[in-house]
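S.K.: First the structure, which I've put down as structure tokens, then a few questions once you've had a look.
The values are calculated or read from the model by the stated rules, or taken from the named source; none is laboratory data. Because the structure is a prediction, the values reported are computed rather than measured. Here Cβ is always computed from backbone atoms with ideal geometry, including for glycine, and neighbour counts include all displayed protein chains.
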Amino acid sequence: MSARTVRSRQPSRFSLQNYRIGTRIALALALPLGGLLALSLWIVFNYFHSAHELGNTRRMAQFAPVVSALAHAVQKERAISIGVTGLRRDAFLERLAERYYETDARIADLESALGRFDAQALSGSLASRIARAQVSLGRITGWRAALAGQSISSQELTANYGGLITELIGIVQEMLAVGTRADMTRTITAFTHLLQVKERYGLERAIGVSGFSAGGILPADRTRFSELIDQQWIYLAEFRLVASPEQAALLDHVLAGKDAAIVDQMRRSVLAKRPQELKIDAMDWHDAVTRKIDLLKTVEDRVAADLIAQAGAAEVAATRVAIFISALAGVLLTLAISFAAVIARGIVRPLQRITGDMDRLAASDSNVAIEDDRRGDEIGEMARAMLVFRDNLRHIAQAEERLKNDAVLRRKEGYQRALLDNFPFMVWLKDTESRFLAVNRVLAEGCGASDPEALVGKSDHDILPHELADRYVADDRAVLASRRRKTVEEEIVSHGERKWIETFKAPLLDEKGEVLGTVGFARDITERKQADADLRVAAAVFESQVGMLVTDASGVILSVNRAFTEITGYSVDDAVGRTPRMLKSGRHDAAFYTAMWGDLQKSGRWQGEIWDKRKNGEIYPKWLTITAVKGEDGAVTHYVATHTDITDRKAAEEQIHNLAFLDPLTELPNRRLLLDHLRHALAVRARGGREGALLFIDLDHFKTLNDTLGHDMGDRLLREVAQRLTACVREGDTVARLGGDEFVVMLEDLSVHTQEAAAQAEAVGEKILSTLSRPYELAGHEHHSTPSVGITLFGSQRTSIEEVLKRADVAMYQAKLAGRNTICFFDPAMQAQISARVALENDLREAVREGQFALHYQVQVDGDGHIHGAESLIRWRHPRRGNVSPVEFIPLAEESGLILPIGHWVLETACRQLASWARRPETAHLNLAVNVSARQFRQEDFVDQVLGLLAQTGADPRRLKLELTESHLLEDIEGIIARMVELQAHGVGFSLDDFGTGYSSLSYLKRLPLDQLKIDRSFVQDVLSNPNDAAIVRTVVALGQTLGLAVIAEGVETAEQRDFLSSAGCHAYQGYLFGRPLPLDAFETLLREKM
């Protein structure tokens, strides 16, 4: 009998199969290693590039003081040069040469610094500025010559030197804008603001030198003095906002010095006296202001040094990170290459040894020492198969040796027959014609013969199906032709049953090497194949993501899988030989484990949730399943345990519970859990028993904290309040957060007597007032906050949950009205006020639906009294209430959200009126201002709404002015600016209403695309009697002029107020002096009369 191999296709000429395994492994590992190398190089390049960019920033910071020093020298030269043109020419001429020398030295420093600087690091606009400054520096020689020839005036000198100084300051500003980081922005802003302050002092020095040298200060110079002082104040205020505490302290020290006081005294003399009364010497003025500017220069040098230090520190830090990343990438790449080499060596070398051993066996060397037979992988299986094959060859060789002696063969023939017949598999000898020479009893019985001799002389065709016999004969011929041994495993069908058969065939040679026939054996390996398949499945299951361990019947661990080691932290060596008791967490008592083992012994299986301990001591939950393995006698031989780490699932369940019932910020019960507790408490009270109380707590002025210090500080305060409230109550009481700054405390088990229960609740309320009123430490800021507390009792009568909450809310609202920081019990009268408010809100909704609103118009005039526009003001004509004041219904509209449809109606009506006026020549020039609420302006589609109304009505966008209040600036400043820029691009103008009454950041104000500032009526009302209001009005006007914004004052009721505003520089007005808000017909009648 023979076995057949399955022929495999020849690999193509260019297939990878033509390459050696070592080459293929090298190719497979080269691709990911190459990718890893490329990625590492890219990351390292980016880090070094960032360090290089920070180096450029440091060099810019070092270059900026050189430019500012030159600007300082030029400012001094300007003042001396202007003094030379006046009456004290000789005195100033003595200092002129010294100024020229200092300026030339600073110019040389600038040129030297530019020579060392990398020109490629300069942006195009910065390079252009430097070029323009160099041209102006080249003109200084001409200015000096003209001064020597007395052919240049002080005004020309002021203009020439002023232009040069502006270019130098612009260079510094643009240089420090190149490559700066967020953490240096404040220092850069402080530095540039000091440059601007010094220039204003320099201009003030120049104007004073010019005036005092000419014999007196002109009125125009006095006005310029006032403007420069206002501008200095603005820049110094901005400096304090962004400077560090040390820098601000140094500035305050400089401004508080004697030299600063002398200059301030001279200023007051200039602003207070008539020009002919001034007795100030030009040189004294020059020296006093120069000393003050020099002191400011010390502050500037300190800020510059801080900036250089920040830039240098950032560069060093970035360089260290880049070096660390480079080293880390190198180490990781080296480890990856080493790991790949180890893997490749572990595969290729054993295969090379096996290949060499097979070649020696093919050469009939039966003394080959087979290695790697103890490995557990496929290489080990090959080595063990070769061991069997080598031993068989040895046996055959010995048999061939015995054939040399006929006598020995005859004497041992019986032994051989006994040996063949006792083999558990089929054995045969064939001649060169594939006829059987000898077979054993297993083969004979398998072919249906009772005697092995009955098959001698027969061939495969005589005993097997024709197709199978053809294959076996072909295999015999292949072995005879190649003189090579052959082993085949194949699946056949025998008597209708599928079996796996392993067949071995080898050529039979005599002592001369002549082929005598073939020898072979075959065995049924179906069970082994099935066992191998089962082992592979079991191995795959054992190495799954589920932790597994196997113990013997005594509970001693025999093996664990990889998932077990990853979950528990115990290695295989740590676990094997120990018992699962090493995992006990201590959370379960002895009764728990007794019940577990009782169930396991009864049913052979246990599963459930259990807490265990990892090697590092961490306690964790897992789902454990234990199964008993029993032998054929029914006794337990092993236990197999599988477990899954359910830490994430438990955390998710806890998170879901917290999200459903706890406030995420404070971790207090939320409204849902509070209602559950309150429902339970009401049910208990309904069955009789003690009273309960509900305390509604609202923080006073919480919105102010959010608006001024930010929502992060607000969140810190809320968390601290939650902790203090929890400490104020008993363990069984409930503290909850409803949202925002609203908290609720529910007290249970109070006295059965209402008066005593009220006293107990009031005592807790007083404790809460005292506790919450203590100062809060919020990230270095001390903050004071007070609560308003409303209390209502429940339990003495049946009330709903909603009614209890409503009463507590009403009581809290009553506490607010009582002045805040107090306690109020529920009062039915307050309920009536709230009901009135609800009724007003319902009427307001009806007014929106029924169109009960109208617009009134109040004129806006210029300095000559000419009407150039109007402001639209909404009025509500209620059929029952009459005229309802906007002060009463606008806040309610804001809170309820009705401001959105109302605001849209106002915009639409205003646009239609603008379009109507545009069709008449006498009114086509009118502008119309429309107030827009913060809530309305923050709508995502607000820009589309405005543009759509303009297109729909045909109104000219350039005649529409939207008035925003400072409350718009408290949130989403970037979104506000984006909407304003988009609308302004279509021609719509913007005015900042009620300016000065809210919180305005000058840095934001400079960025807003405004057209106008409106001075609030509260400042105008007392401008003639209140110096503070007068100073604020002047400051707003000066600020508007500095920023290039128009300024209009509202609430102008007297001619004296108008005259003061005009003298302060404000030439646009609105108020009762010019006209009250009027309906459209009356307003147009007023227009005709005025025109």
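Okay, residues lined up against (1) part of a helix (DSSP H, G or I); (2) over 17 Å from Arg302 (Cβ atoms):
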{"site": "Ile152", "(1), (2)": "no, yes"}
{"site": "Glu156", "(1), (2)": "yes, yes"}
{"site": "Leu164", "(1), (2)": "yes, yes"}
{"site": "Ile169", "(1), (2)": "yes, yes"}
{"site": "Thr189", "(1), (2)": "yes, no"}
{"site": "Arg200", "(1), (2)": "yes, yes"}
{"site": "Ala206", "(1), (2)": "yes, yes"}
{"site": "Ile234", "(1), (2)": "yes, yes"}
{"site": "Val263", "(1), (2)": "yes, yes"}
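S.K.: Mind checking whether some residue in the stretch 1025-1046 is out of contact with any Pro (no Cβ under 7 Å at 6 or more places or on another chain) and assigned to a strand (DSSP E or B)?
M.R.: yes
S.K.: So, of the residues in the stretch 834-858 that are touching a helix residue (DSSP H, G or I) at 6+ places or on another chain (Cβ under 7 Å) and aliphatic (A, V, I, L, M), which turns out to be nearest to Arg881 (Cα to Cα)?
M.R.: The extreme case among them is Leu840.
S.K.: Among (1) surrounded by 21 or more Cβ atoms within 10 Å (Cβ to Cβ); (2) at pLDDT below 85, there is one condition Arg88 misses while meeting the rest; what is its number?
M.R.: (1)
S.K.: Can you tell me which residues in the stretch 137-150 are of a type in the set (Gly, Ala, Ser) and assigned to a helix (DSSP H, G or I)?
M.R.: Gly138, Gly142, Ala145, Ala146, Ala148
The rows are residues; the columns are (1) modelled with pLDDT of 95 or more; (2) in a loop (DSSP other than H, G, I, E, B); (3) under 48 Å from the mean Cα position of the chain (by Cα).
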residue	(1), (2), (3)
Gln833	no, no, yes
Arg837	no, no, yes
Leu844	no, no, yes
Gln858	yes, no, no
Ala893	no, no, yes
Leu914	yes, no, yes
Trp917	yes, no, no
Leu928	yes, no, yes
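S.K.: Oh, and also: Only one of these is closer than 27 Å to Asp749 by Cα, within 33 Å of the chain's Cα centre (by Cα), among the acidic types (Asp, Glu) and assigned by TED's automatic domain parsing to the domain that holds Gly795: Asp698, Asp715, Asp676. Name it.
M.R.: Unique residue meeting the criteria: Asp698.
S.K.: Further question on the same structure: Between a residue in the stretch 500-511 that is surrounded by fewer than 21 Cβ atoms within 10 Å (Cβ to Cβ) and any residue that is small (Gly, Ala, Ser), which pairs come within a Cβ distance under 6 Å, given they are 6 or more apart or on different chains?
M.R.: Close Cβ pairs satisfying both conditions: Ile501/Ala522; Phe504/Gly520.
S.K.: Is one or more of the residues making up the stretch 67-85 of a type outside the set (D, E, K, R) and farther than 27 Å from Leu194 by Cβ?
M.R.: Yes, the stretch 67-85 contains at least one residue that is of a type outside the set (D, E, K, R) and farther than 27 Å from Leu194 by Cβ.
S.K.: Conditions: (1) surrounded by fewer than 18 Cβ atoms within 10 Å (Cβ to Cβ); (2) in contact (Cβ under 8 Å) with a residue 12 or more places away in the chain; (3) among the β-branched types (Val, Ile, Thr). Val135 meets all but one. Number of the miss?
M.R.: For Val135, the failing item is (2).
S.K.: Still on this model: Look through the stretch 749-768, keep the residues that are over 38 Å from the mean Cα position of the chain (by Cα) and among the aliphatic types (A, V, I, L, M), and return whichever of them is surrounded by the fewest Cβ atoms within 10 Å (Cβ to Cβ).
M.R.: Ala763
S.K.: Which pairs turn up if I take residues in the stretch 713-727 that are over 14 Å from Pro669 (Cβ atoms) and look for partners that are part of a helix (DSSP H, G or I) with beta carbon separation below 7 Å, at least 6 apart in sequence or on another chain?
M.R.: Within 7 Å, the pairs are Met713/Leu705; Gly714/Phe702; Gly714/Leu705; Gly714/Asn706; Leu717/Leu705; Val721/Leu772; Arg724/Thr771; Arg724/Leu772.
S.K.: Just the residues that are within 23 Å of Gly577 (Cβ to Cβ) and loosely packed, with under 12 Cβ neighbours inside 10 Å, please, taken from the stretch 590-649.
M.R.: Within the stretch 590-649, Asn616, Gly617, Gly631, Ala635 qualify.
S.K.: Which pairs do you get when a residue that is among the β-branched types (Val, Ile, Thr), found in the stretch 192-212, comes within reach of a residue that is at pLDDT below 90 and not in a helix (DSSP H, G or I), reach meaning Cβ atoms under 9 angstrom, with the pair 6+ apart or on two chains?
M.R.: Ile207/Ile217; Val209/Gly86; Val209/Arg88
S.K.: Among the candidates Arg798, Arg737, Arg807, which residue alone is under 23 Å from Leu709 (Cα atoms), assigned by TED's automatic domain parsing to the domain that holds His680 and among the basic types (Lys, Arg)?
M.R.: Arg737
S.K.: Exactly one of (1) at pLDDT below 90; (2) surrounded by fewer than 20 Cβ atoms within 10 Å (Cβ to Cβ); (3) in contact with a Leu (Cβ under 9 Å, 6 or more places away or on another chain) is unmet by Phe995. Its number?
M.R.: If we test Phe995 against (1) at pLDDT below 90; (2) surrounded by fewer than 20 Cβ atoms within 10 Å (Cβ to Cβ); (3) in contact with a Leu (Cβ under 9 Å, 6 or more places away or on another chain), just (2) comes out false.
S.K.: When Val439 is evaluated against the numbered criteria (1) buried (at least 19 other Cβ atoms within 10 Å of the Cβ); (2) at pLDDT below 85; (3) closer than 30 Å to Met358 by Cα, which criterion, by number, is the only one it fails?
M.R.: Going through the list (1) buried (at least 19 other Cβ atoms within 10 Å of the Cβ); (2) at pLDDT below 85; (3) closer than 30 Å to Met358 by Cα, Val439 breaks only (2).
S.K.: Here is a follow-up. Looking at (1) in contact (Cβ under 8 Å) with a residue 40 or more places away in the chain; (2) out of contact with any strand residue (DSSP E or B) (no Cβ under 7 Å at 6 or more places or on another chain); (3) assigned to a helix (DSSP H, G or I), find the lone condition where Gly865 falls short.
M.R.: Only one criterion in (1) in contact (Cβ under 8 Å) with a residue 40 or more places away in the chain; (2) out of contact with any strand residue (DSSP E or B) (no Cβ under 7 Å at 6 or more places or on another chain); (3) assigned to a helix (DSSP H, G or I) is unmet by Gly865, namely (3).
S.K.: Can I ask one more? Provide a single number: the residues in the stretch 930-967 that are in a strand (DSSP E or B) and either small (Gly, Ala, Ser) or loosely packed, with under 15 Cβ neighbours inside 10 Å (or both).
M.R.: Qualifying residue count, the stretch 930-967: 0.
S.K.: Across the stretch 620-641, what is the total count of residues that are in contact (Cβ under 8 Å) with a residue 24 or more places away in the chain and aromatic (Phe, Trp, Tyr)?
M.R.: 2
S.K.: Further question on the same structure: Can you confirm whether the stretch 737-751 contains a residue that is touching a strand residue (DSSP E or B) at 6+ places or on another chain (Cβ under 6 Å) and either part of a helix (DSSP H, G or I) or at positive phi (or both)?
M.R.: Looking through the stretch 737-751, none of the residues is touching a strand residue (DSSP E or B) at 6+ places or on another chain (Cβ under 6 Å) and either part of a helix (DSSP H, G or I) or at positive phi (or both).
S.K.: Only one of these conditions is not met by Thr625: (1) in a helix (DSSP H, G or I); (2) touching a strand residue (DSSP E or B) at 6+ places or on another chain (Cβ under 7 Å). Which number is it?
M.R.: Failed condition: (1).
S.K.: Tally up the residues in the stretch 576-595 that are without any contact (Cβ under 8 Å) to a residue 24 or more places away in the chain and either over 17 Å from Thr565 (Cα atoms) or not in a helix (DSSP H, G or I) (or both), please.
M.R.: Summing the residues that are without any contact (Cβ under 8 Å) to a residue 24 or more places away in the chain and either over 17 Å from Thr565 (Cα atoms) or not in a helix (DSSP H, G or I) (or both) in the stretch 576-595 gives 11.
S.K.: On the basis of being at pLDDT 90 or above, in the same structural domain as Asp707 (by TED's automatic domain parsing), under 40 Å from the mean Cα position of the chain (by Cα) and not in a helix (DSSP H, G or I), does Glu782 make the cut?
M.R.: When the stated conditions are applied, Glu782 does not pass them.
S.K.: Determine, yes or no, whether Gln134 is modelled with pLDDT under 80 and not in a loop (DSSP other than H, G, I, E, B).
M.R.: In short, no.
S.K.: Could we say that Gly457 is touching a Lys or Arg at 6+ places or on another chain (Cβ under 7 Å), under 24 Å from Asn392 (Cα atoms) and of a type in the set (Gly, Ala, Ser) here?
M.R.: no
S.K.: Is one or more of the residues making up the stretch 1017-1036 modelled with pLDDT under 95 and touching a Ser or Thr at 6+ places or on another chain (Cβ under 7 Å)?
M.R.: yes
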